[in-house]
1. Can you work out the accessible area per residue across region 127-185, with the rest of the protein chains kept in place, probe 1.4 Å, in square angstrom?
2. What's the magnitude of the charge dipole for region 266-305 around its Cα centre, counting Lys and Arg as +1 and Asp and Glu as -1 at the beta-carbon? Answer in Debye, nearest 20.
3. Using a 1.4 Å probe over the heavy atoms of the protein chains, calculate the carbon and sulfur portion of the accessible area of region 160-228 as a whole percent.
4. Would region 133-241 count as rounded, prolate or oblate if I go by the C-alpha gyration tensor, calling it rounded below 1.5 in a/c and otherwise prolate when a/b exceeds b/c, oblate otherwise?
5. Packing-wise, with mean Cβ within 10 Å as the measure, how do 162-169, 146-153 rank, highest first?
6. May I ask you to give the average projected area over all directions of the convex hull of the Cα atoms of region 112-169, in nm² rounded to one decimal?
7. Carbon and sulfur atoms: what percent of the 1.4 Å accessible area of region 262-365 do they account for?
8. Arg336: net charge of surrounding residues, Cβ under 9 Å, Lys/Arg +1, Asp/Glu -1, itself excluded?
Amino acid sequence: MLPAGFDLQRAQDALERPERPQTWRLVQRGEALQVEPWPAPAAAFTSGSPVADGVLTRRASAQAREDRPGSPHLALALDAAAALSLGESVWRLWTDQEELVVAPFDRPAWAHTLGRDGAGLFAAADLKGITQRLRWIGPGRLLMGSPADEQDRFKDERQHEVCHTRGFWLAETACTQALWQAVMGDNPSGFNGERRPVDTVSWIDVQRFLERLNSAEPGLTARLPTEAEWEYACRAGTTTPFSFGEDIDPAQANYNGNYPYCGDTKGLYREQTVDVASLPANPWGLYEMHGNLWEWCQDWYGEYHAGPLTDPVGPPSGEGRVRRGGSWLRDGRDLRSASRFLSVPGNRRQFAGFRLVLGSQPRQE
């Protein structure tokens, strides 16, 4: 039995009629969400905007479902002002190209701004007088590591499935020298600049920074990402060697352009770090996940498991901690999403930094 309001003939006509993709939006009016055409999608908007999101479709039909046991399934044509009642739980709207989840989302206590743009949800926090933007990285799955046929892969990148059951807030950029200075009162960096990432910090140094930051900001739980969280965020839903695709160039990342990936044409070698957020972001709005500085992760380095894992936190001990992402000094091969490196926790180098996670601690295995 078809749900009330479902026009079968209209749906069939839509399936048989090729149409150019059109963007629609959900707008809250009173106690209802309304679907209406969105001829000119806007750029970033902050919390408080009535716009929920944009949805792309080639067919003028969609469905919505309240995500709780026993709830009815609804279907409706994507006409101007088609209305959905706003329930207490999660709603899903999907087309032939995309799925949109509408769910309650509370602003974290540490955030003074919460908003959404084309890359997803973002928040901003005032940490010791320095504004730090973060991206919400939702729960999901990925194939961690690299496939056997990926060019220039390393043998410690055995591919395996990882499930993240909880989301987390990851800093849009590596920790800046301005933030380090505000928290620690010094600046160990070899390349100076308030908007440059702090460098020449060991994993142990970073733990001291996190301890001092958490003590100074009530209710804050800042930490390093796990290695699995880092790769999940770096890939941003992609399966290619880089979040930008099959290859990378110095216009997208800061690395030693004398040693390009796959033996491509040589390019720019900057020989130093660049300001954070000065190169293109990945699809989830994260800057310089490839290159600029290696980034410390929380995990001890170890061999990957062969089977699937849920919320992995790495081995209980080891000889070195994980660093990810490559750096201004390294070649294109090291910038791949799957590339991993280990270093002793006390090691300080001018090519190593870190980025923050704010929120709950990772699950312990």
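The values are calculated or read from the model by the stated rules, or taken from the named source; none is laboratory data. Owing to the predicted nature of the structure, the values given are computational and were not obtained by experimental measurement. Don't worry about glycine lacking a Cβ; one is built from the backbone with ideal geometry, like all the others, and counts go over all protein chains shown. Remember, those area values only see protein heavy atoms, side chains included, never the ligands or the DNA or RNA. Shrake-Rupley method; radii C 1.70, N 1.55, O 1.52, S 1.80 Å.
1. Values: 2470 Å² over 59 residues.
On a per-residue basis, region 127-185 sits at 42 Å².
2. Once rounded to the nearest 20, the dipole reads 220 debye.
3. Percent of accessible area from carbon and sulfur atoms in region 160-228: 44.
4. The shape class here is prolate.
5. 162-169, 146-153
6. Working: hull surface 25.8 nm².
Across all orientations, region 112-169 yields a mean hull projection of 6.4 nm².
7. Answer for region 262-365: carbon and sulfur cover 50 percent of the accessible area.
8. Net local charge, Arg336 excluded: -2.
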